[in-house]
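The values are calculated or read from the model by the stated rules, or taken from the named source; none is laboratory data. Keep in mind the model is a prediction, meaning the values are calculated, not measured. Every residue, glycine as well, gets a Cβ built from its backbone with ideal geometry; the counts of neighbours run over all protein chains shown. What goes into the accessible areas is simple: the full protein's heavy atoms, side chains included, and nothing from ligands, DNA or RNA. Shrake-Rupley method; radii C 1.70, N 1.55, O 1.52, S 1.80 Å.
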Amino acid sequence: MASKAILFDGTQCIGCRSCEDACASKWGLPYNEQVASQERLSEKKLTTVLTRGDHFARRLCMHCVEPTCVSVCPVGAFRKTSLGPVIYEEWRCMGCRYCMLACPFHVPAYEWSQRLPKVRKCDMCYERQLSGQVTACSEACPTGATKTGDRDAILAEARERLAKNPGQYDGRIYGLSEAGGTSVFLLSAVPLEKFGFRTDLPSEALPVLTKRVLAFVPDVVGVGGVLLGGIYWLTHRREAVAAAEGKSGERRRRG
């Protein structure tokens with residue numbers, strides 16, 4: 001199966017936020033006026049429409065060709081699939097949050113308020129695409145501002161739109177070369193810097209750099225595991241001793 005990609009064309013967006021609602025429904029997340037008004041990614045909002053006057057953009061996981069989150073994760077909780085999406089397997093996650101620090105697009109969010117927190121991010125509707133469906137956001141978009149398809153075809157369409165209407169766009173396909181390229185392409189009538197997107201990212205893949213840092217991670221994780229294990233043992237040892245002393249005192253009182 002060919003690698004997939006998403007194209008978002010801000011010139012066709014009307015700001016209806018149907019994509020946000022569809023995404024929330026797909027993930028079982030609450031969606032109301034308060035959530036809709038928050039134009040930022042969070043553990044409760046995995047995609048968001050950004051507004052600047054009468055111009056629009058979208059933020060979501062960019063699904064990098066060579067993802068930094070995958071390269072820094074010491075337990076393999078993130079995985080780049082051959083289909084294109086970068087997915088997160090929560091059962092592997094140990095909560096180190098290296099992915100949040102490493103992501104050049106500042107995408108992964110953490111469930112800080114949960115007792116058993118995990119990372120949240122868009123997975124480009126991986127399961128839907130495996131079954132031949134488009135992403136929920138693409139299906140919900142009433143104007144075609146968001147499209148899903150084979151990566152080569154989506155990229156060709158983005159280039160064709162720029163060539164046919166050069167005055168309609170700011171002249172760039174965001175995601176084409178940023179951080180080595182992504183599987184999400186953004187077109188806009190105005191520079192995306194106005195929406196807070198980073199335009200200073202290198203064109204080479206960042207994992208080349210992060211792998212050098214990750215070489216030191218196993219030792220750190222090992223030492224951390226020993227320390228946490230020791231703390232756990234001490235805590236439960238104290239509880240056991242206290243319980244034993246309590247039972248001993250109770251027997252003396254009864255005697």
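Points to keep in mind about this one:
- Ala109 being at pLDDT below 95 and open to solvent by less than 50 Å² (accessible area, probe 1.4 Å): no
- Being surrounded by fewer than 19 Cβ atoms within 10 Å (Cβ to Cβ) and under 22 Å from Gln129 (Cβ atoms) holds for only one residue in Gly84, Gly76, Gly95, and it is Gly76.
- Candidates Gly167, Gly171, filtered to the one that is more than 25 Å from Glu89 (Cβ to Cβ), of a type in the set (Gly, Ala, Ser), surrounded by fewer than 18 Cβ atoms within 10 Å (Cβ to Cβ) and in contact with a helix residue (DSSP H, G or I) (Cβ under 8 Å, 6 or more places away or on another chain): Gly171
- Per-region count, region 13-55, residues in a loop (DSSP other than H, G, I, E, B) and of a type in the set (A, V, I, L, M): 4
- Residues that are in the same structural domain as Gly10 (by TED's automatic domain parsing) and farther than 20 Å from Thr11 by Cα do not occur anywhere in region 159-173.
- Counted residues, region 107-164 - those being farther than 26 Å from Thr68 by Cα, touching a strand residue (DSSP E or B) at 6+ places or on another chain (Cβ under 6 Å) and β-branched (Val, Ile, Thr): 0
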